[in-house]
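The structure under discussion appears below in the form of structure tokens.
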Amino acid sequence: MRELFSGPPDLRGRPRQDRMLSSVMAAVVGYENALTAVDRMLRAKVPGEVDLVDEDLRLVIAEVRVEAEDVVSLRLSSPDGEALPRWQPGCHVDVTLPSGKRRQYSLNGDVRDRYGYRIAVRRIDGGLGGSVEMHTLTEGTPIRVSRPRNAFALINLEKYLFLAGGIGITPILPMVRAAERIGADWKLVYTGRSRSSMPFLRELLDINESKVDIRADDEVGMSTGRELLEHSAPGTHVYCCGPIPMIDAVRAEIRETGRNPLHYERFSPAPVLNGKPFEVQLARSGRTIQVGAEQTVLDAVLPEVPAQQYSCKQGFCRTCKVRVLAGEVDHRDGSLTARERETEMTLCVSRAAGDRLVLDI
Amino acid sequence: MTAIEPTSVALHARDVQFDWSKTPVHWVPDEPELAHFYNVMHLLLPELELWFVQVFTDALPYITDAKVREDVLGFIGQENMHANAHQGALDLLAANGIDPEPYTSQVHHLLQGWIDRTRKMKPKRRKQSLLNQIAVIAAGEHFTAVLGDFALNSPAFDEVGTDPVMSDLLRWHGAEEVEHRSVAFDLFRHLDGRYPMQVVSMLAVIPALWMLWHRGARMLLEADPTLTPKQRKLTLRKFRRWHRRGLLPNAKIYLPQLTHYLKGDYHPSHYGSTTQAIAYLATSPAAKAGQQ
């Protein structure tokens, strides 16, 4: 306890212990002792370290529907017909596939439907296999789903412009429904390769046909950022979800005009910027893999270690955090603490600062 | 017509970039003393935030609920960013001949001393000590959310011509405080923090924060070589003027908030608007500049 009181000098530089500081420190110790005593009277024991409770929902696939070319929707519900946890527009769930792969999907059903979550998946051949596997699932298959969480929250406004590209309609659809319900002044611009590839057209038109602008590439050509934003009043908040070129076009246009606040969600990760190739040694298997200049460590690791956990692929969810055994790291995440960075890295965005890393996987 | 208000947001740190090259150290026109009263935040908050991060990181093994854990991790990311962001403003003070080190080293010594003391304890005592600190942090976070709400709703700053970069720092920080206002309290409750502790910790936090803040302000005013002796004094008259001009939250804002916190059914989500916070974060120049 003594070392607690041998602190820095007082504020005016006089060569004695700062009296105010000493008294505050004494107060801290007093506060602790008092609280501990009060708390002891209130309860018998303080529980110690614990394991995280697994809170995933055990659901079954209740319905599979083809929504467009290469797009199916799955309705997930409780096997005993129980109500599911509530959610809000913008929410997604982590789905654990039978193979153990974990993927995030936006909930795109109706928030008022308490008995089913609907997600939609576009099949991407030559991807990492998650979407192909999702397309093989049939009604009655049990499936593990996390509780809904909201990384793309819809806020309460009088006016909205919604921009969706292809399967990017999934988080936007419940937002559109909510905006219509509160009587907001909204507009949706929905783009895609062709109408037959765009899911939920009928559902959107049924919500409010006059506010939905469908722009299929094969009818009007690829829409530019300017075209997507042309009817927005200055200051209207824009909610955008779609492929990277679309989001980039919208961001570039908004950066130039400065007219609209933008909320967006990528459903594929941002490209690697200024990356150099390097080598990663996987300590547990002893194998060495090469990471390309435009590849993430995660993408290089996954074929070797399919069970590797990951989630947001944008450096903030920390799911893919691993221990670094050797090598300097170029940390590009926004989520690890300084102390964690000394020994750990996120696989999804961070890279080697030199040409080699040894990781504890 | 119903409204939409996000009840739960997956927190994540936002990258920000502040350009301090044009900001004067007296960034409220004609009110250098008020600027310094606010400048205390660049000295005090990073020390507090880095302490929060340590306490919350140490508390992780005790969390059983996946959502609380995720919120705590998001909170840690945001608080780290806040501490970094104030560094630029701290450099601005140093460039103007004000050495904040004597003050920051005292605060650091106090807070680091507390968590280091906890780390040496036996497991049972350690958890209790962490909970004591979390109670203090939850009470402190109530004030930062109130201050954040004030920053988001104070047009007076723009009307008097406050430096736009500093206003943005205040409001960006304030908006994230509003956004994550429930995390510390939820953690306190999750670790079985009880009502008497909620009251005691708040009653301890008020004089401690008041003392730390005023000490910091007096230190800055004394250290600023450009001020006159009259300017170096914090008088009641000055506070009244700042309250009247809407540049500083007054007792009418604090007292009701204090009584809310002391009620048994208090929850941070009942106060402040997540919609307003997220709307500001979508327009903040520093947050926009930080998006790669």
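At-a-glance table
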item	result
Check on B:L209, within 13 Å of another protein chain (Cβ to nearest Cβ) and in contact with a His (Cβ under 7 Å, 6 or more places away or on another chain)	no
Residue under evaluation B:L73, criteria (1) touching a Gly at 6+ places or on another chain (Cβ under 6 Å); (2) modelled with pLDDT under 95; (3) not small (G, A, S), criterion not met	(1)
Residues (modelled with pLDDT under 95 and crowded, with 23+ Cβ neighbours inside 10 Å) located in the range A:323-346	A:D333, A:S335, A:L336, A:T346
Answer residue from the range A:118-148, given it is charged (D, E, K, R) and out of contact with any strand residue (DSSP E or B) (no Cβ under 8 Å at 6 or more places or on another chain) and is farthest from A:Q88 (Cα to Cα) among those	A:D125
Any chance B:A35 is away from chain A (no Cβ under 11 Å) and at pLDDT 90 or above	yes
Strands (runs of 3 or more DSSP E) contained entirely in the range A:185-282, each with at least 3 residues that are over 23 Å from the mean Cα position of the chain (by Cα)	A:185-192, A:212-216, A:278-282
Qualifying positions in the range A:69-82 - surrounded by fewer than 22 Cβ atoms within 10 Å (Cβ to Cβ) and not in a loop (DSSP other than H, G, I, E, B)	A:V72, A:S73, A:R75, A:S77
Lone unmet requirement of (1) at pLDDT below 95; (2) buried (at least 20 other Cβ atoms within 10 Å of the Cβ) for A:E133	(2)
Qualifying residue in the range B:261-276 (condition: surrounded by 15 or more Cβ atoms within 10 Å (Cβ to Cβ) and among the hydrophobic types (A, V, I, L, M, F, W, C))	no
Residue match in the range A:126-133 (condition: β-branched (V, I, T) and within 30 Å of A:L302 (Cβ to Cβ))	yes
Hits in the range B:86-130 (condition: within 22 Å of B:P225 (Cβ to Cβ) and among the small types (G, A, S))	B:G88, B:A89, B:A94, B:A95, B:G97, B:S105
Residue identified as free of Cβ contacts under 8 Å to residues at least 24 places away in the same chain, within 14 Å of chain A (Cβ to nearest Cβ) and among the aliphatic types (A, V, I, L, M) among B:A279, B:A287	B:A279
Some residue of the range A:294-301 being assigned to a loop (DSSP other than H, G, I, E, B), closer than 16 Å to A:V329 by Cα and either at pLDDT 90 or above or of a type outside the set (D, E) (or both)	yes
Residue identified as assigned to a loop (DSSP other than H, G, I, E, B) and not β-branched (V, I, T) among B:A83, B:A10	B:A10
Residues of the range B:234-266 satisfying the condition of being of a type in the set (A, V, I, L, M, F, W, C), part of a helix (DSSP H, G or I) and touching an Asp or Glu at 6+ places or on another chain (Cβ under 8 Å)	B:W242
Selection from the range B:170-197 of residues that are part of a helix (DSSP H, G or I), surrounded by fewer than 22 Cβ atoms within 10 Å (Cβ to Cβ) and over 18 Å from the mean Cα position of the chain (by Cα)	B:R189, B:H190, B:Y195, B:P196
Any chance B:K252 is basic (K, R) and surrounded by 16 or more Cβ atoms within 10 Å (Cβ to Cβ)	no
Failed item in (1) without any contact (Cβ under 8 Å) to a residue 40 or more places away in the chain; (2) within 22 Å of B:L93 (Cα to Cα), with B:R215 passing the rest	(1)
Residue match in the range B:225-247 (condition: crowded, with 18+ Cβ neighbours inside 10 Å, touching a residue at least 40 places away in the same chain (Cβ under 8 Å), more than 18 Å from B:N132 (Cβ to Cβ) and among the hydrophobic types (A, V, I, L, M, F, W, C))	yes
One residue from A:E230, A:E279 being buried (at least 16 other Cβ atoms within 10 Å of the Cβ) and among the acidic types (D, E)	A:E279
Qualifying residue in the range B:52-75 (condition: farther than 30 Å from A:E55 by Cα and either assigned to a loop (DSSP other than H, G, I, E, B) or of a type outside the set (V, I, T) (or both))	no
Residue ranges of strands (runs of 3 or more DSSP E) in the range A:83-141 with at least 1 members within 15 Å of the chain's Cα centre (by Cα)	A:91-96, A:102-106
Filter result (of a type in the set (A, V, I, L, M) and either outside any helix (DSSP H, G or I) or surrounded by 15 or more Cβ atoms within 10 Å (Cβ to Cβ) (or both)) within the range B:86-131	B:A89, B:L90, B:L92, B:L93, B:I98, B:V107, B:L110, B:L111, B:I115, B:M121, B:L130, B:L131
Cβ-Cβ under 9 Å pairs, at least 6 apart or on other chains, the range A:127-153 side within 14 Å of chain B (Cβ to nearest Cβ), far side in a helix (DSSP H, G or I) and among the aliphatic types (A, V, I, L, M)	A:S146/B:A66; A:R147/B:A66; A:F152/A:M175; A:A153/B:I278
Any hit, the range A:166-179, residues being free of Cβ contacts under 8 Å to residues at least 60 places away in the same chain, of a type outside the set (D, E, K, R) and crowded, with 18+ Cβ neighbours inside 10 Å	yes
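Results for (1) at pLDDT below 95; (2) under 30 Å from B:L227 (Cβ atoms), shown as yes or no for each residue.
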site: B:E79; (1), (2): yes, no
site: B:N84; (1), (2): yes, yes
site: B:A138; (1), (2): no, no
site: B:L170; (1), (2): no, yes
site: B:E176; (1), (2): no, no
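The values are calculated or read from the model by the stated rules, or taken from the named source; none is laboratory data. Worth saying up front: this structure is predicted, and the values here are computed from it rather than measured. Here Cβ is always computed from backbone atoms with ideal geometry, including for glycine, and neighbour counts include all displayed protein chains.
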